[in-house]
1. Distance from a point 7 Å along Cα→Cβ of Asp261 to each backbone N in the stretch 468-504: keep the residues under 13 Å and list them by number.
2. Rounded to the nearest 0.05, what FRET efficiency is calculated for His416 and Arg93 with R0 set to 25 Å and r the Cβ-Cβ distance?
3. Using only the Cα atoms of the stretch 272-374, construct the convex hull and provide its projected area averaged over every direction, in square nanometres to one decimal.
4. Working out 0.36 nm times the residue gap between Met1 and His277, then minus their Cα-Cα distance, what length gain in nm do you get to one decimal?
5. Could you sort 464-476, 202-214 so that the peptide with the highest average Cβ count within 10 Å comes first and the rest follow in order?
6. Between (1) 1.07; (2) 0.97; (3) 1.01, which matches Rg/Rh (Cα atoms, Kirkwood Rh) calculated for the structure shown?
7. In what sequence, highest mean first, do 329-341, 267-279, 245-257 appear when ranked by Cβ atoms within 10 angstrom?
8. Report the percentage of all Cα-Cα pairs in the stretch 136-214 whose separation exceeds 20 Å, rounded to a whole percent.
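The values are calculated or read from the model by the stated rules, or taken from the named source; none is laboratory data. On a predicted model such as this, the values are computed, not experimentally measured, just so you know. Don't worry about glycine lacking a Cβ; one is built from the backbone with ideal geometry, like all the others, and counts go over all protein chains shown. Accessible surface areas use protein heavy atoms only, side chains included; no ligands, DNA or RNA. Shrake-Rupley method; radii C 1.70, N 1.55, O 1.52, S 1.80 Å.
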Amino acid sequence: MLQIDGNSLTVDQVASVAEAGSSEIRLTPEAEARVKRSRDFIEELLRGNERIYGVTTGFGRLAEVFIPPARRAELQLNLVRSHSSGFGAPMPRDVVRVIMLLRANALARGNSGCRLEVIQRLLDFLELGIHPIVPEVGSVGASGDLAPLAHIAQALVGEGDVEIDGEVRPAPTVLASHDLVPLQLVEKEGLALINGTQGTTALALLSLLSAERTLEALEVAGAMSLEGLRGTPDPFRPEIHAARPHAGQARSAARLWELLDDSEIRESHRYGDPRVHDAYSLRCMPQVHGASREVLRYVRGVIETEINSSTDNPLIFPEQAMVVSAGNFHAQIVSQALDFLAIAVADLASISERRVERLLNPDLSELPAFLARDAGVQSGFMIAQVAIADALSELRVLAHPASVDSVPTSGNKEDHVSMGFAAGRKARRAVQLLEYVIAVELMCAAQALEFRKPLKPGRGVREAYAIVREHVRPLDGDRALSRDIEVLRDVVRSGRLTSVGQAP
């Protein structure tokens, strides 16, 4: 069972909930006490009939409209209904699960003024595997991810559709089948449910985890390509990277050095090789791969803070007897981190594609053209490289930042927005494309090793080669390669290559 308190949730804990069909999650007693104090303070203010944004007033441009007590519950329900206006394909289940968990954790901090039962209903959905249908388009990532979160809140109040056990069903039917009564929202609760950065942050967290796994697979693919091209591991010596001590660069160099240890291919051309050094796509792997490691480290730091933050508005501070309308809902820091991630991913795909080109080009590789057994009659991997060139073009478009593209909304009240949700969608797509690019490099590099036999590559590369060959046989003649690419992409996604070549 996972306990959440709004302060100590980890990325790995979120990942486990994302992957599960159901999860038992509870608030800590301390979090329950904070939530209750926050709600008690709101109730105290309501008895004084004070003007509080979104509690006793309208929203956005309508914030100056005072709402009488008899219509305040109606206000919260109308907020959820009117903001459930996203469109497009449903978000994947793992994204929806992460959004619900992160929203519950934010509310657990006790700065939102909702009742405990609101948080508990989010946790009920996670435990029962009930997943609201959340369209993929509809948020500008400021004033919170309003539409995506509203679609989740809509299901909590017994409206809209949900997915359960792979089937989309009406929310009222599913709630009734589990003896769950639709939430009756009271003052502040609609706003507390929809005003936050959890949609953008969910996309960022899942994209980060995929990118981290994919980068480890890229190191393996790069080492395998270097062996196929009879390159030298000397540029990965630790002394070189101690002289320029960026942590990511040093880590990538150490990883490559480890993968290439005990290589017969290397020993076969240690002496008498007229080449002075390798091309940049081989020689500079630590500097390029390592730069992306630094980006991912930064992105992880942003996410670790954001998943344990209060990001709605207004914020409630009972100890200071204070309700403040501010801007923690603005997702700019997450949006910029997502853009940075997409840039790093595009560059990793670029250097991987250049290695594929070297493997396939006989003028650069001293290998048969396109790694075909009978070049001319056979085309080998020619079109696999064309396919990743297509992916690379899209990746370069996806690397354009969304976070600089603000479009004012809500009658110009929200006159600068983060576009975090768009940044999240394109980062997720970028990582998916990178997985395919690496799959193609692994496929081509493994084929190059066929032409180096009986010489053996480094110990880690041998292990990786064996994994590739579990799924994809050598290319002995032309065949359709799409299935091979898909299978190797699944290997990259699985994280199986993460520990290849590492000492026990």
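1. Only 500-504 pass the distance filter.
2. On the way: r = 33 Å, r/R0 = 1.31.
So, using R0 = 25 Å, E works out to roughly 0.15.
3. Mean projected area of the Cα convex hull: 10.6 nm².
4. Working it through step by step, the gained length comes to 93.9 nm.
5. Details: 464-476: 16.8, 202-214: 24.8.
Descending mean neighbour count gives 202-214, 464-476.
6. For Rg/Rh (Cα atoms, Kirkwood Rh), the calculated option is (1).
7. 329-341, 245-257, 267-279
8. The answer is 46 percent, as a whole percent.
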